[in-house]
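The values are calculated or read from the model by the stated rules, or taken from the named source; none is laboratory data. The structure presented is a predicted model; accordingly, all values stated were derived computationally and were not measured. Note that we place each Cβ from the backbone using ideal geometry, even for glycine, and neighbour counts take in every protein chain shown.
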Amino acid sequence: MTVSVRDPETARPPEASRARRMARGTLNGPVVLTALVLLFGLISGAQGDLLQGAVALTYALAATGLGVALGLGGEYLLGQGAIFACGAYVTASLQAVHSWTFWPAAGAGIVAAVLLGFLLSIPALRVSRFYFAMVGFFLVYLIPEIVQLFSAQTGGSAGLALPNAPTFFGITLDNRGMYIFAAIALGIGLLLIRNVRRSPLGVHMRRMRDHPFVIATAGIDVWRVRLAIYTYSSLLAGLAGAIYSQLNGYISPLDFSVDTTILLFAAVLVGGRTTLLGPTLGVFLLYVIPQIVINVASYSDLIYGGTVLFCVIVLPEGVEDAAIGLYRRVRPHRPLPASSVLTGHGEPSAERLAELLWQLRDGTTRTDPLVIRGARKAFGGVAALQIDDEVAVTVEPGQVHLLLGPNGSGKTTLLNAMCGLARLDAGSIHIGDAEVTRAPIAKIARRGVGRSFQTPRLPDELLPRQLLGGMLAGMRRVSYLHWLTSDHVAARTRRAADGLADEIVAASGMGGGADRPAIDLTSGERRLLDVLAALTSQAHLILLDEPASGLSAHERRLLAGTIRALAARGMGFLVVEHDLDLALGMADTVTVLVGGTVAVTGQPSEIKEHPYLREVLIGVPA
Amino acid sequence: MHEFLTAFASGVGLGSIYCVVALGYSFVYRTTASFNFAQGQAVVLGTLFTYTFYVKLGIPAIGAGIAVCIVVAAIGGLTERVAIWPLVRRGDETLKWLMSTLGMAVLFTGASLRIWGSDILGIPNYLSSPVTHFGSVRVSSSYVLAFAVAVALAITIEIFQRFTFWGRILRAVGDNRLAVELAGVNVVRMGFWAFVLSGVLAGAAGFVIGPVTFADPNAGFNFAILSFAALAIGGFQSHWGALIGGFAVGLAESLGGTYLGLQYQDLVVFGMLILILVIRPEGVMAGRQARHV
Amino acid sequence: MTELALDNIFAGYGGTDVLRGVSLHVAPGDCVAVLGPNGAGKSTLLKVLSGQLRVRSGTRSVDGDNVTSWRAYKAAQAGVRWVGEPRPVYPSLTVEENLAIGGVVARRRIKQETDKVYELLPALQAKRRDRADSLSGGQQQMLAIGQALMSTPRYLCLDEPSLGLAPVVFGEVARLISDLAASGVGIVWAEQFPEVAKARSSQVVLLSAGMVTASGPPAQISEEQLEAAYLGTRAQASPVS
């Protein structure tokens, strides 16, 4: 590569840096917020205000955790109130009954809360999201009974009084001390979640939320991502509970009523579930302001209930998003010029795009072909695939294999079988010498099989750079501790990954879409980004399901060129495509499926002249 | 033995109440594929209006019962218009309905507390003999009435589904909702009527159980959660599931309360729910199809 | 003017337009074949016709009345029916119950309508008490069409009636379609296989990338135009209407 890269900071015109500026905005958000909160704690004189403030901060912490589950993971974790209570009770009980000091007790409380989170995640893997939500709510409802069950430890319905306030290096933490502690905890919690959101894991979470199979076909274990979601949400809820338990010197089941859970939910919904600071903002709006302005906690239930209803119906993405929407209406988005403005060398180039994507596979020497033989699959008694035992379909490195056939001929089913999404009724799949007929999706993916789907599947709120950058960063071997602390290693990795993502986006000619979240992209840009996401991996065999549909003529040429160039470097493709000009132009081999069986296999030139193609695709008897 | 029989009988009686509430849920679920969180609160409103009409205004029992059903049916319709209809128009996923009806349930609870206060309001028994004897076992006649209502409702629904035109449509909606709409049925309006009808059931349930449970404005989530458990255990797809699940939950509560202590009766139900979700997630009475909620 | 008409329709899914300025007019007795490769927008067009999909711009009208904002059930009540994938069949109901639901908008005449459908599709009569999920694919397709006929529709939209059917069975379906048109039903059907469709239709509309590239009586649609649409030799395709 001899392309000279200009200094990105100076080369970037002002419009293009808007996305960067927005990123910087959230970067400082937690720090600024914590500083403001702390300032209040230092100047406020009223003990009551400090106490109420500290309560609000613990709610904000628990709500931020819920935001991870609901916003990043799409999990309706109605049990968050129970996890919060668990952290509080374990901490308080160890102090009051077992005479532990606060700090180890709080540690144990957090661990217990995380364990409860794991426990709750088990049914989530097995039953639908709706059931999971109800089971969680049931648990919140059961808190008084569970507290009663362990009344020797918890004081039962009478409540549990704490012997003394926590100390910090000999200093007893009074209301102000607890307030400051809670503020710092919230700040750390927000920074932690910010780091998670920006890490590759954050991108996986968002992709899993919308379409669980997509990340599995990219070689990522869905259950691990889910487990991470529960860990972070319950970690924050446990910490919040541990602090909460200290504030009044006394806890009882009344502190953890259904109302608390509803408040947390309402806060996340009103603040915006996909944003970092949204849940904190929500607690401020729903809990703090009513305390200050009307000073009637007796209306809290009406406020929370009304808020949940109002938000679900009128503001599904929260106040922040609504405000942005309003702003956009006042000042409509100006699309950037189509050529890349990000890096300055942005003429779309298939060759360069292929080179960038091929570099990701540097050092991998995988040359195993995928062979599927005698594939049979029926859905509800209707045969979708019935390929004869001796007939094989192969995806070979260096080759582009085109799959044609009318609707319902089994093309997508064959792709699904190849990547493990559909279990074959009969037949075998081999990658090289290894049999993967019954292997799980992620395992097949890790053997080097990648995949795109008929409908693009992209998290709405991510910019192209965030999506591709997150995936690229995830390919680097960086210990997770770096991501959590967001230290210089993580920063360097992220910078490199983002830079590479920018180059990929630029080379794809998608410059105009580079600063728009996926939901605002044109259908062509969405499709292209989706295919790029499938190619952003180390897989050497890629299955593409209608990659050109929705693309403009020059986007099509770019795509075909990129696929050819990658094949020339040693990657293998299986492509389902209806644009025959395009598809036959880039294929080495063509297989025509009809009624679930292989009708013809051959070279594109043979197929083009083959009377059967005309018969199958146009219905003209030869 | 006597203790067991008494617990069993009151379990069946209690279960009958959950049956009636769960039947309302399953009706809504099968027409709209959604769970109406506010249904539990509707039952509570049934007991509260029974108190107002029967105790405060002195309307004769039958008249009060009918008035309660009408009022709660209207509340059911209101729930659909406010919490469901705007989402349907937008084509939102049904999981969001769970949240909007949850908000509705909280609002109803808050409103009830403002109107009726937070005290439990007593409702005298309107049946001629408040206690029924089965051998040596004494059962509240309200439970007997609830049992009769539950069984009668299940049979009515079965007949309705088998032999009436709209009953067939109801089954067809469960099979293929879009096709029913394409045949010319306004399925959104059907959803509205399902909410109204489930309001009638909630009102009837509230009226029948009023003399046993009294009117407790805070009991809404209790009914919502236990009826969900009943449906999850029995299976969402059929009214027989609601019936079986309702009795199972009632018996678990009553037997658990008798032998383990009253304060643990919901824990027993929770344990049973988790067990069912692990070994048979589609519910005891589910048909062939796996459930996709 | 009795006709089902679309004028300059833009419609699609999730913010992207699949149809870009499509117009189509169908009168009772017409048999219009919508042809074009996969992804050209045939199914979308039929969904717009039957009220399943909201349009972003353009108008839909029945007999001169503007009905652009209709929902699907209203279309059925006005005599516009649709059959396609997923098939409008209720697996757990019997064949006869299926038909009865198909006739919901004409429920006073269910007995007569059922008999009429059995006359047209005798295979269904033999299975009248069987559950729909015990039928073969071809029989289910018959049942789906039979259901749509229960309300004596004036317009019938058929989305790839050949899908999943053996050629012999499809021949029967195609014959049924032209018989229905002859009896005065306005038919719009989408097909991947143009030759059969051309032989059975009075009008052909060729769609390509969401636009009408040719339309007229089957004889006027040339091999070249078809090949251009299907095999993608775009240079030869020039937009018409």
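Tabulated results
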| item | result |
| --- | --- |
| Identity of the residue in the range C:92-112, assigned to a helix (DSSP H, G or I), of a type in the set (A, V, I, L, M, F, W, C) and surrounded by 18 or more Cβ atoms within 10 Å (Cβ to Cβ), that ends up farthest from the other protein chains (Cβ to nearest Cβ) | C:95 |
| Single unsatisfied condition, residue A:299 versus (1) modelled with pLDDT under 75; (2) surrounded by fewer than 18 Cβ atoms within 10 Å (Cβ to Cβ) | (1) |
| Residues (aromatic (Phe, Trp, Tyr) and facing another protein chain (nearest Cβ under 10 Å)) located in the range C:46-81 | C:73 |
| Selected residue [crowded, with 23+ Cβ neighbours inside 10 Å and of a type in the set (Gly, Ala, Ser)] from A:398, A:405 | A:405 |
| Some residue of the range B:7-21 being of a type in the set (Val, Ile, Thr) and surrounded by fewer than 24 Cβ atoms within 10 Å (Cβ to Cβ) | yes |
| Hits in the range B:53-106 - residues which are over 19 Å from residue A:129 (Cα atoms), within 14 Å of another protein chain (Cβ to nearest Cβ), crowded, with 19+ Cβ neighbours inside 10 Å and among the aliphatic types (A, V, I, L, M) | B:83, B:104, B:105, B:106 |
| Condition met for residue B:136 (buried (at least 22 other Cβ atoms within 10 Å of the Cβ) and away from every other protein chain (no Cβ under 14 Å)) | no |
| In the range B:234-248, the residues that are in a helix (DSSP H, G or I) and out of contact with any Ser or Thr (no Cβ under 8 Å at 6 or more places or on another chain) | B:234, B:240, B:243, B:244, B:245, B:248 |
| The range A:304-315, residues that are part of a helix (DSSP H, G or I), surrounded by fewer than 23 Cβ atoms within 10 Å (Cβ to Cβ) and more than 7 Å from chain B (Cβ to nearest Cβ) | A:310 |
| Subset of the range A:244-266 [surrounded by fewer than 24 Cβ atoms within 10 Å (Cβ to Cβ) and of a type in the set (Ser, Thr, Tyr)] | A:250, A:252, A:257, A:260 |
| Qualifying helices (runs of 4 or more DSSP H) (wholly inside the range A:77-169; at least 1 residues being among the aliphatic types (A, V, I, L, M) and surrounded by 19 or more Cβ atoms within 10 Å (Cβ to Cβ)) | A:80-96, A:102-126, A:129-149 |
| In the range B:214-227, the residues that are at the interface with another protein chain (Cβ under 10 Å from one of its Cβ atoms), over 13 Å from residue B:247 (Cα atoms) and not small (Gly, Ala, Ser) | B:218, B:221, B:222, B:225 |
| Test for residue C:195: is it without any contact (Cβ under 8 Å) to a residue 12 or more places away in the chain, assigned to a helix (DSSP H, G or I) and within 14 Å of chain A (Cβ to nearest Cβ) | yes |
| Close pairs from the range A:50-79: first on the phi > 0 side of the Ramachandran plot, partner among the basic types (Lys, Arg) and surrounded by fewer than 24 Cβ atoms within 10 Å (Cβ to Cβ), Cβ under 6 Å, at least 6 apart | A:74/A:209 |
| Subset of the range A:55-75 [in contact with a Lys or Arg (Cβ under 9 Å, 6 or more places away or on another chain) and either farther than 15 Å from residue A:264 by Cα or surrounded by fewer than 24 Cβ atoms within 10 Å (Cβ to Cβ) (or both)] | A:72, A:73, A:74 |
| Every residue from the range C:75-88 that is in a loop (DSSP other than H, G, I, E, B) and buried (at least 24 other Cβ atoms within 10 Å of the Cβ) | C:88 |
| From the options A:538, A:466, residue that is polar (S, T, N, Q), modelled with pLDDT of 85 or more and closer than 28 Å to residue A:189 by Cβ | A:466 |
| Residue check for residue C:62: closer than 23 Å to residue C:176 by Cβ and of a type outside the set (Lys, Arg) | no |
| Residues (among the small types (Gly, Ala, Ser) and more than 17 Å from residue B:172 (Cβ to Cβ)) located in the range C:61-104 | C:61, C:64, C:69, C:75, C:78, C:79, C:84 |
| Residue that is modelled with the highest pLDDT, among those in the range B:257-285 that are more than 11 Å from every other protein chain (Cβ to nearest Cβ) and part of a helix (DSSP H, G or I) | B:272 |
| Selection count, the range C:113-132, where residues are crowded, with 16+ Cβ neighbours inside 10 Å, more than 23 Å from residue C:78 (Cα to Cα) and within 13 Å of chain B (Cβ to nearest Cβ) | 1 |
| Qualifying residue in the range A:58-66 (condition: aromatic (Phe, Trp, Tyr) and at pLDDT below 90) | no |
| Failed item in (1) touching a helix residue (DSSP H, G or I) at 6+ places or on another chain (Cβ under 6 Å); (2) at pLDDT 85 or above, with residue A:524 passing the rest | (2) |
| Wholly enclosed helices (runs of 4 or more DSSP H) of the range A:186-274 bearing at least 3 residues among the polar types (S, T, N, Q) | A:222-247 |
| Every pair of residues 6+ apart whose Cβ atoms lie under 8 Å, when the first sits in the range C:211-225 and is part of a helix (DSSP H, G or I) while the second is exposed (fewer than 12 other Cβ atoms within 10 Å of the Cβ) and small (Gly, Ala, Ser) | C:218/C:199 |
| Filter result for residue A:560 (out of contact with any helix residue (DSSP H, G or I) (no Cβ under 7 Å at 6 or more places or on another chain) and among the hydrophobic types (A, V, I, L, M, F, W, C)) | no |
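Results for (1) away from every other protein chain (no Cβ under 14 Å); (2) under 18 Å from residue A:601 (Cβ atoms); (3) assigned to a strand (DSSP E or B), shown as yes or no for each residue.
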{"position": "A:401", "(1), (2), (3)": "yes, yes, yes"}
{"position": "A:415", "(1), (2), (3)": "yes, yes, no"}
{"position": "A:422", "(1), (2), (3)": "yes, no, no"}
{"position": "A:427", "(1), (2), (3)": "yes, yes, yes"}
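Here is a yes/no grid of residues against (1) over 30 Å from residue A:377 (Cβ atoms); (2) of a type outside the set (Asp, Glu); (3) within 18 Å of the chain's Cα centre (by Cα):
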{"site": "A:447", "(1), (2), (3)": "no, yes, no"}
{"site": "A:456", "(1), (2), (3)": "no, yes, yes"}
{"site": "A:479", "(1), (2), (3)": "yes, yes, no"}
{"site": "A:489", "(1), (2), (3)": "yes, yes, no"}
{"site": "A:521", "(1), (2), (3)": "yes, yes, no"}
